[in-house]
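Colleague: Can you keep this structure in mind? I'll have questions shortly.
Nothing in this text is a laboratory measurement; each read-out follows from the coordinates by a stated rule. Bear in mind that the values here come from a model prediction, so they are computed numbers and not experimental data.
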Ligand code: ADE
């Protein structure tokens, strides 16, 4: 991501919502209506912030990171990597006022069925997964195409030197120099691994 930013293949702007906070304390959260533990991020600072950003940029997607969103996967990463401008909103506390979701958010993403203390780590995960798909970000541009999940299969195992490590040898086919056999071995191993570890992907 550092190299991508330096080459301006990916430009990341981090906005501190506190700058849009209310009053002398720059308040951004308040108690929730109906009672219950946990604070909620208020409409006004978020709306002012998002509206301000929208007046300067045309966003392809306004994404809210939230445990009740669509589970992030490679398909969503691929789709988002083709977009130009994304706005990622990181929630905190109990979440954000529903009206902000109704007014501004176009896509809700969860990075998994667990709750983080804020959306920042989720945003970093999404940014990393999208960023590495932008042409020129990876050294070897083709390597993202052979990642796990790109064709609903887990990636095949990989080996490097030495050939024999403590008696564990590299599969012979990989030393054969026969591209067709190697390709077939990789596909078969991917399929077998996926059947064993992630049969749900084959559905
Ligand atoms: N914020 C808190 N937990 C989250 C999760 N699992 N995914 C996305 N954003 C979150």
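Colleague: Please tell me the relative contact order of the range 146-202 in percent, rounded to the nearest whole number, where contacts are Cα pairs under 8 Å and at least six residues apart.
Modeller: 41 percent
Colleague: Here is a follow-up. For Cα pairs less than 8 Å apart in space and 6+ apart in sequence, what is the mean separation divided by the residue count of the chain, i.e. the relative contact order in percent?
Modeller: Across the chain, relative contact order equals 18 percent.
Colleague: Which residue, 168, 191, 80, tops the fluctuation ranking in a GNM of the chain built on C-alpha contacts under 10 Å?
Modeller: 168
Colleague: Measure nothing but the geometry: give the 0 to 90° angle between the long axis through the Cα atoms of 120-131 and the longest principal axis through the Cα atoms of the chain, rounded to 10°.
Modeller: Between the helix axis and the principal axis of the chain, the angle is about 50 degrees.
Colleague: Another question, if that's okay. Note the angle between two axes, namely the Cα long axis of helix 179-197 and the longest principal axis of the Cα atoms of the chain, as a number of degrees from 0 to 90, rounded to the nearest 10.
Modeller: 50 degrees
Colleague: Here is a follow-up. What is the distance in Å between the Cα centroid of the range 139-203 and that of the range 14-44?
Modeller: For the range 139-203 versus the range 14-44, the Cα centre distance is 49 Å.
Colleague: If each DSSP helix of 4+ residues adds -39,500 (n - 2.57) and the sum is divided by the residues in the chain, what number results at 222 nm, nearest 500 deg cm²/dmol?
Modeller: That comes out to -9500 deg cm²/dmol.
Colleague: Full extension from residue 99 to residue 57: what is 0.36 nm times the residue separation minus their Cα-Cα distance, to one decimal in nm?
Modeller: Residue separation times 0.36 nm, minus the Cα-Cα distance, leaves 13.0 nm.
Colleague: Same structure, new question: Given the options 37, 77, 129, state which has the largest fluctuation in a GNM of the chain using a 10 Å cut-off (strictly under) for Cα springs.
Modeller: 37
Colleague: Here's another thing I want to ask about it. I want the antiparallel fraction of DSSP beta bridges within the chain, as a percent rounded to 5.
Modeller: 40 percent
Colleague: Shifting gears a bit: In whole Å, what are the Cα extents of the chain along the three principal axes, biggest one first?
Modeller: Between the extreme Cα coordinates on each principal axis of the chain lie 70, 39, 32 Å.
Colleague: Return one quarter of the surface area of the convex hull spanned by the alpha-carbon atoms of the range 40-90, equal to its mean projected area, in nm².
Modeller: 4.1 nm²
Colleague: Sticking with this one: Note the angle between two axes, namely the Cα long axis of helix 43-56 and the longest principal axis of the Cα atoms of the chain, as a number of degrees from 0 to 90, rounded to the nearest 10.
Modeller: Computed tilt is about 60 degrees.
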